[in-house]
There are 2 protein chains.
Amino acid sequence: MTATDVTAETPIVAADEQIDTPALVVDEERLRRNLALMADLAKSHGVNLRPHAKTHKSPIIARMQLEQGAVGLTCAKLGEAEVFIREGGVRDILIAYPIVGEAKIARLLALMDEAQITVVVDSLEAAEALSRAMAAAGRTLDVYLEVNTGMNRAGVEPNDAVEIAHAISALPGLRLTGVMTFEGHAGSSPPESIADVAAAAGRTIVETAERIRAAGIPIAQVSVGSTPASWYTPATAGVTEMRPGTYVFFDNSIFRHGRIGPEQCAARVVATVVSRQAPDRAVIDAGSKTLALDPSRSHAGYGYIVGHPEAIIERLSEEHGMVTLPPGEPGFAVGDRVEIIPNHVCPAVNLMDELLIVQDGRVVDRWPVAARGKVR
Amino acid sequence: MTATDVTAETPIVAADEQIDTPALVVDEERLRRNLALMADLAKSHGVNLRPHAKTHKSPIIARMQLEQGAVGLTCAKLGEAEVFIREGGVRDILIAYPIVGEAKIARLLALMDEAQITVVVDSLEAAEALSRAMAAAGRTLDVYLEVNTGMNRAGVEPNDAVEIAHAISALPGLRLTGVMTFEGHAGSSPPESIADVAAAAGRTIVETAERIRAAGIPIAQVSVGSTPASWYTPATAGVTEMRPGTYVFFDNSIFRHGRIGPEQCAARVVATVVSRQAPDRAVIDAGSKTLALDPSRSHAGYGYIVGHPEAIIERLSEEHGMVTLPPGEPGFAVGDRVEIIPNHVCPAVNLMDELLIVQDGRVVDRWPVAARGKVR
């Protein structure tokens, strides 16, 4: 088996390769193809690539991204940034999350001695606390203002952006260098409307940047995120930076938009059938502690079982996956192995201590998920 | 504040206690009360207590359970047993999960040199593989036969139990010492029927044991599980052992049965409000990477916010919890802290590296979640 023979319905791992399950395996060739795909896409858009590291949590993959031209990384939490800076040698990180609380500000100040750090803000309360700490330390922190373009999660409303940008830019110790948005709502919209929803988010963030500049604040960066929107939002003139995360592995949440096929998914959970008590029910050793409970909009169940499109992972307990089988489905005897494309690969990675790296069907390496569990 | 003042709607952590969030805090006095409650309940039933360690994953709490009279532990996976034996000094463990595959059997053999291990089987395929390995190693492994009493997960059907028990007891290297069931379906049934459903499961497993004994196989143990059923199933005459897990902390999934109030929940996620962009929406720094996505049958959302019964944790991304607030709800300004009772505490513990131990509102210790992430 060579990697190019591998299709969506072919196992990544050779049948005679021994693996203690459940395990998360990564096909290195597919991973490298995905990294190149997004690096090329960023180039074709003419924007900087600043991948979100939450998907892989791996300093090894981070270095591959930087070698392919990424300008730096995006992290959600300081704890992730600490790992990538101290174990991965990364020197430029955007923390795309509000930093709130004295303990975190102290950790942020320490990181600023080691790398170029930019932090996202979306409230004057958080900005003022950062400002006081930076001024007291004689430091200047670069910040992006987060703007809500429809995700309705964090981010100021576009109509409020100029006022708060003004207030932030007046604070000592802060330098407002950009605006950012996470247009995750594009990927959640129906396949036929993702392009329009993503483009609308792009227009909103670019217009917001222009209004802030018109008010005299010379921000440089206009940053957008979200893998499924990567073909659309960064195409908006005026966007300078994109922050996709999931693309390194892709997952079930991406298929339905038609840009990516399941054969491009680089990460799979390998599981073993451990119980078979009814003709229509098999139990696999991957439960919610391995697959996570994220639903898929593409199809029923908690993951796509490669080669068994009609088998549904119907229920998960922590260590049991209950698979409902169509009549006559082969391959689910006790001891049989299956490969599963997770619905959402990021939490599945976060549940693992290591990724098993596969070349041509063989496990050739184990990469630690070094930034796993860094919720703070 | 003393621990006895703490009610369901009072924070566990003192307002002036500094905590970097999100964090999982455990009120030690409540934990000790819960441990005593279940030890007493087991005594009142006249059955052995063999707690399932999956909830706490902590050798420190395991030792407390053994000191209170537990006969040993239950684990789901070998990897958990390895931690409790090698880091916790536990000497008697039931692995309540089928052991399938050569790698796992090799690990099992190693553990048998260090502790008394019993393993659950529910298929002849798995039993035969274990038998071959044990016979080759000149060892004898104690096994329980898992029986399905309505959960429809693993476990042989009661009508098939005598035949498979016969086949297992004829295998060299295995000693069939008990039957077990997990009656988790009792806790999922409506509050008014849990007692009946649990009692029916108890009758089924006891009758199954009697039929196996009548066939000449002298099994000693009849083992049942599940915290919400702990008041009912083990009361069945003939049950010898109970394996509750969640009771150490309790969680939202337990309230609705009326035996336990939220004030008895010992573990809470402490989170900080990090964004507040609309009157009816706050964002907290606990997402699915902290709370997990398990639903609750007790109430809407992904956890119960202490003191804010009408605030609903409506959506979770990995690091964001989107809270929908009723009009005029106080206490959700950026920087405010909240305490959340998780819907399902076991996966929330599995997402953390440590438990923050609280006495009288102060963090007094940090206990590692040593068996976290042991999916194999």
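Coordinate-derived values only; no laboratory data. Model, not experiment: these values are computed from the prediction. All Cβ positions, glycine included, derive from the backbone under ideal geometry; neighbour counts span all protein chains shown.
Numbers for the structure displayed
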| read-out | value |
| --- | --- |
| Cα-projected label distance for residue A:213 with residue A:297, points at 7 Å along beta-carbon direction, nm | 3.2 |
| Exam field: residue A:40 pseudo-label spacings to other copies (7 Å along Cα-Cβ), nanometres | 6.9 |
| Dipole-positive endmost among A:167, A:312, A:126 within chain A (Cβ charges, Cα centre) | A:167 |
| Antiparallel %, DSSP beta bridges [both residues in chain B], to 5 | 45 |
| Rounded if a/c under 1.5, otherwise prolate or oblate - region B:29-247, Cα gyration tensor axes | oblate |
| Euclidean distance of C-alpha centroids, region A:170-185 and region B:137-206, integer Å | 58 |
| Cβ charges +1 (Lys, Arg) and -1 (Asp, Glu), total dipole of region B:192-302, debye | 140 |
| Environment charge at residue A:77 (Cβ cut-off 13 Å; Lys +1, Arg +1, Asp -1, Glu -1) | +2 |
| Sites residue A:135 and residue B:14, calculated FRET efficiency, Cβ-Cβ separation with R0 25 Å, nearest 0.05 | 0.25 |
| Across the identical copies, how the residue B:329 labels are spaced - nm, sorted shortest first, 7 Å along Cα→Cβ | 3.9 |
| Selected from B:61, B:36, B:49, residue furthest toward positive end of dipole (region B:31-75; charges at beta carbon) | B:61 |
| Inter-label distance for residue B:314 and residue B:196, nm, one decimal - labels placed 7 Å from Cα along Cα-to-Cβ | 3.8 |
| For B:272-285, mean number of other protein chain Cβ atoms within 10 Å | 5 |
| Three principal axis lengths of region B:131-279 [C-alpha, angstrom, descending] | 68, 37, 23 |
| Inter-copy label distances at residue B:310 (7 Å, Cα→Cβ; nm, one decimal) | 5.1 |
| Cross-link partners of residue A:374 among lysines (Cα-Cα below 16 Å; sequence separation of 8 or more within a chain) | A:54, A:57, A:77, A:104, B:289 |
| Helix runs (DSSP H) in chain A reaching 20 Å along axis by Cα, Kyte-Doolittle at least 0.0 | A:194-214 |
| Value in Å of the Kirkwood radius, where the protein assembly as shown supplies the Cα pairs that are averaged | 27.0 |
| Where labels lie 7 Å past Cα in the beta-carbon direction, separation of residue B:124 and residue B:366 in nm | 5.3 |
| Furthest towards positive pole of dipole, A:176, A:152, A:209, structure part region A:29-251, Cβ charges | A:176 |
| In region B:103-168, the trypsin sites (Lys or Arg not before Pro) that fall in loop regions by DSSP, at most 11 other Cβ within 10 Å | none |
| Dipole magnitude of chain B, debye to nearest 20 (Cβ charges: Lys/Arg +1, Asp/Glu -1, about Cα centre) | 820 |
| Point-charge dipole on Cβ atoms (K/R +1, D/E -1) for the protein assembly as shown, about Cα centre, debye to 20 | 620 |
| Rotation relating A and B, chain B residue nearest the axis via C-beta, angstrom | B:293, 2 |
| Within 10 Å of each Cβ in B:95-102, the average number of Cβ atoms from other chains | 5 |
